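J.: One structure is given below, represented as structure tokens, and several questions about it will come after.
Values in this text are rule-based calculations from the coordinates and carry no lab data. Given the structure is predicted, the values throughout are model-derived calculations rather than measurements. No Cβ is skipped: glycine too gets one built from the backbone with ideal geometry, and neighbour counts run over all protein chains shown.
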Amino acid sequence: MIDFWLAAGLLLLVALAFLLIPLLRGRRAQAEEDRTALNVALYQERLDELAAQRDAGTLDAAQFEAGRAEAARELLADTEGAGEDRRTRLGRAAPLIAAVLLPILGLGLYLHWGASDKVELAREFATAPHSMEEMTARLERAVQAQPDSAEGWYFLGRTYMTQERAEDAARAFEQAARLSGRQPEVLGQWAQALYFAGDKKMSEQVRALADEALKGDPEEVTTLGLLGIAAFEDANYAGAVKYWERLVTVLPADDPSRSALQGGIERARERMAARGETPPPASQPAVAASGVTLKVKVDLSDAVKGQVQPDDSVFVFARAVSGPPMPLAVKRLKVADLPSEVALSDADAMMPQLKLSNFPQVQLVARVSRAGNATAGEWIGRSQPLSIANAGEQAVTIDSPDQR
């Protein structure tokens, strides 16, 4: 931040110069006026001496006129150019008061409307964190600086969950749900955090959130997994099998959590058999979801090319038209790489349960961020909503200021 404050200080000096230079000029004009008054007084004394010498007979009329003309020329020579300086005179008090108040007023206005915290955060996010604690601290400062960012609250909640801070995660997901329009994915995460924060108790609030999430998306993976866990903990093994088998059918074939789910389903069936209950028939293996790859050609408009730097970061991502606000797949480039064609697929997913193949419609976005922040930048380009099934090759042109 030192360079920021140095730049602000230089601008302040320029502003003070506009106030102090006229004040200094006013003082010089006052000095000129005082000198002129002295010259006029001396001129008058000289005329009195010449008149006295003429009356005494020392000077005749011609000599008297010659002496008076010489005194007048000297007076004109001494006062030449002083008239221009006397045209305007500033009072001394007003500029001095303004010079004192200007820095105070500028600092106060910046502290009220400025964004030094966002500038510092942008610099921090440009470098990789050294630990999970450092990442958490960055996200906490980010949501303080941008409290209306659903993505910021969502990722903060996910980070809290990895640290087993379920209560903090629940509060973060509550904010994310409010800001994202209660997206099913966020509701599922919120319900899960409340469940673990409540010592694995299926409260009315958890149940209501889970029902709302499944109503919005019957294949919401976090909610299905949570309901399966809750049913298993309550010894409702048939319910656990039902929810987990639904979850297995919607997960991609290469998802690493499939094997763990299959193991949980087998344990639930074994416990049902041990209690003399008839396990439900095993579901047919789900057909593996076909891999989805979107080829996207990214370029800059002519108007934007002159306003970006070669090292500025470019984030190309796809997000669901109806679904969570978080990107489904992301690639990072540099402005110097453009124009370029990138391929977005399930392999580029930010989270295993959020993959391109799980959503029928997506929007492609390309953002230029000088600070290397994927959620905010200077320039952006968006595609129209498109169907995954008939996507084909797409093109996105970065041509608009990023107003987010």
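J.: Of the listed peptides 245-252, 195-202, 322-329, 183-190, what is their order by residue-averaged count of other C-beta atoms within 10 Å, with the highest listed first?
T.: Ranking, from highest mean packing down: 183-190, 322-329, 245-252, 195-202.
J.: Of LYS295/LYS334; LYS305/LYS355; LYS215/LYS331; LYS295/LYS355; LYS242/LYS355; LYS305/LYS334, which ones are farther than 21 Å apart at the Cα?
T.: LYS305/LYS355; LYS215/LYS331; LYS242/LYS355
J.: What is the extension gain from ARG258 to LEU10, computed as 0.36 nm multiplied by their sequence separation minus the C-alpha to C-alpha distance, in nm to one decimal?
T.: Result for the pair: 83.2 nm of gain on full extension.
J.: What FRET efficiency would be calculated for the residue pair ALA273, ARG382, taking the C-beta separation as r and a Förster radius of 45 Å, to the nearest 0.05?
T.: It comes out at approximately 0.25.
J.: Please sort 216-225, 48-57 by packing, taking for each peptide the average over its residues of neighbouring beta carbons within 10 angstrom, highest first.
T.: Packing order, densest peptide first, comes out as 216-225, 48-57.
J.: Another question about this same structure. Under a crude label model (7 Å from the Cα following the beta-carbon direction), how far is ALA56 from ARG332 in nanometres?
T.: Using points 7 Å along Cα→Cβ, the separation is 9.8 nm.
J.: Arrange the following residues from fewest to most other Cβ atoms within 10 Å of their Cβ: VAL308, VAL14, VAL368.
T.: VAL14, VAL308, VAL368
J.: Under the Karplus relation 6.51 cos²θ - 1.76 cosθ + 1.60, θ = phi - 60°, what is the ordered set of whole-Hz ³J(HN,Hα) values for the range 153-166, x standing for Gly and Pro?
T.: Running phi through 6.51 cos²θ - 1.76 cosθ + 1.60 with θ = phi - 60° gives 5, 5, 5, 5, x, 4, 5, 4, 5, 5, 9, 6, 10, 5 Hz.
J.: Let me ask you something else. Per-residue HN-Hα couplings for the range 178-189, Karplus 6.51 cos²θ - 1.76 cosθ + 1.60 at θ = phi - 60°, whole Hz, x for Gly and Pro?
T.: Whole-Hz 3J(HN,Hα) from phi for the range 178-189: 5, 7, 9, x, 6, 5, x, 4, 6, 4, x, 5.
J.: Okay, moving on. Which percent of Cα-Cα pairs in the range 145-207 sits in each 5 Å bin, short to long?
T.: P(r) for the range 145-207, in whole percents per bin: 4, 23, 31, 23, 14, 4, 1.
J.: What does the highest-first list of 271-279, 294-302 look like by mean Cβ count within 10 Å?
T.: Ranked by mean Cβ neighbours within 10 Å, highest first: 294-302, 271-279.
J.: Length gain on complete extension for the stretch LYS200 to ALA72, per 0.36 nm per residue less the alpha carbon to alpha carbon distance?
T.: Full-extension gain reported as 35.5 nm.
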